[in-house]
1. Could you give the angle, 0 to 90 degrees to the nearest 10, between helix 24-39's Cα long axis and the longest principal axis of the Cα atoms of the chain?
2. Pairs of Cα atoms under 8 Å, at least six residues apart: use those to get the relative contact order of the chain, whole percent.
3. If amide hydrogens are placed 1.01 Å from N in the peptide plane, which non-local residues have theirs closer than 5 Å to the one on G22?
4. Per residue, how large is the accessible surface of region 64-181? Use a 1.4 angstrom probe and give square angstrom.
5. How large a share of the accessible area of region 64-135, in percent, is made up of carbon and sulfur atoms when the probe is 1.4 Å and the other protein chains stay in place?
6. Given contacts defined as C-alpha pairs under 8 Å and at least six residues apart, what's the relative contact order of region 1-157, whole-number percent?
7. Could you provide, to the nearest whole Å², the per residue accessible area of region 257-305 with probe 1.4 Å?
8. Find how much the distance from K107 to A258 grows on full extension, using 0.36 nm per residue of separation minus their present alpha carbon separation; answer in nm with one decimal.
Amino acid sequence: AVVLNGVDRLRRSGAGAVLAIGGGSSIDCAKAMVICHANDRHPSQLTGLWLYALPRKRGLPLYAIPTTAGTGSEATTVAVVSDREARTKYAIVDPKLVPAFVALDPKRTAGLPPAITAATGMDALTHAVESYLSTLAFPESDGYARSAAALILQNLPTAWQDGRDLRAREDMLVASCLAGLAFSRAGVGYVHAFAHQMGGRYHVPHGLANAIILPQVLDFSKSHCASRLAELASACGIGESGMDDMARAESLIARIRAMNAAMGIPATIEPLRREDFEAIIDLAFAEAHGTYGLPRYMTRDDARALLGKLLA
């Protein structure tokens, strides 16, 4: 509804450009507005990858100033749109969505409350980790992901504790942007597939859902990507000399859990209901299977077990 209202305002204003100031939802909204306006389409008609969709016009120049350090939307090819009536989220994916220019200004994030700092920061970490574990990863995306993960693990606790620390805030903005560049190239995985359902069905903030789900999915996947998790842990200075890959991988997962706990992020999702499991699994599998470079595929029983661990 907000996107459609924005398209109408854009059409009536005769504006020559769009400036997005805000978090990932604000920037995604502006991206969707621009492409819907240019193509005279409803957001639902532009869902999916540009490779398989109708040809799209680029639209007006878009500029972005992020005020959170989480989604990396200022650097991504994606705009995620919520449909409250359908209780779902869908993604428009197109390189034409990437803003023309971006300003990363830590002063714009200095007033972000601790809880939102934590959730958005863990969103960025999820982008970095999932893109690094993706089977579609390659050297360029790996470089972005390693740098982002190291910056986040070093700076997020500081930004959470002292929001006026502009160096930590700037490093988080850079990390978020780098993580956006990483997952725009290599994709994400099950964490996002399930987090999108928590947002669409229960309106759980996306970063918070990612933070809660991330360690559970890593526990499931680690048997098939221990070496990659170990590489990422080493890049972040986690683990001790002599550790094998699995031990180093588990040390990274333990660090993520500890950071969640220290910042007050719960281990479960309060509104999740067992009777919704099958519908959630249907949508999550439809999103992830054949789309994301998953290191290990889930069965429905695996997914039920995962969701069971997330029940409050």
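The values are calculated or read from the model by the stated rules, or taken from the named source; none is laboratory data. A quick note: this is a predicted structure, and the numbers were derived from the prediction, not measured. FYI the Cβ positions are ideal-geometry reconstructions off the backbone, even for glycines, and counts take in every protein chain you see. Surface accessibility is based on the protein's heavy atoms, side chains included, excluding ligands, DNA and RNA. Shrake-Rupley method; radii C 1.70, N 1.55, O 1.52, S 1.80 Å.
1. 40 degrees
2. Details: 586 pairs, mean separation 50.7, N = 312.
Relative CO of the chain lands at 16 percent.
3. HN-HN under 5 Å from G22: I65, T67.
4. Details: 4610 Å² over 118 residues.
I get 39 Å² per residue for region 64-181.
5. Values: 1520 of 2590 Å².
Its accessible area is 59 percent carbon and sulfur atoms.
6. Details: 243 pairs, mean separation 32.7, N = 157.
RCO, region 1-157: 21 percent.
7. Values: 2580 Å² over 49 residues.
With the other protein chains kept in place, region 257-305 gives 53 Å² per residue.
8. Values: separation 151, 0.36 × 151 = 54.36 nm, distance 2.80 nm.
Net length gain for the segment: 51.6 nm.
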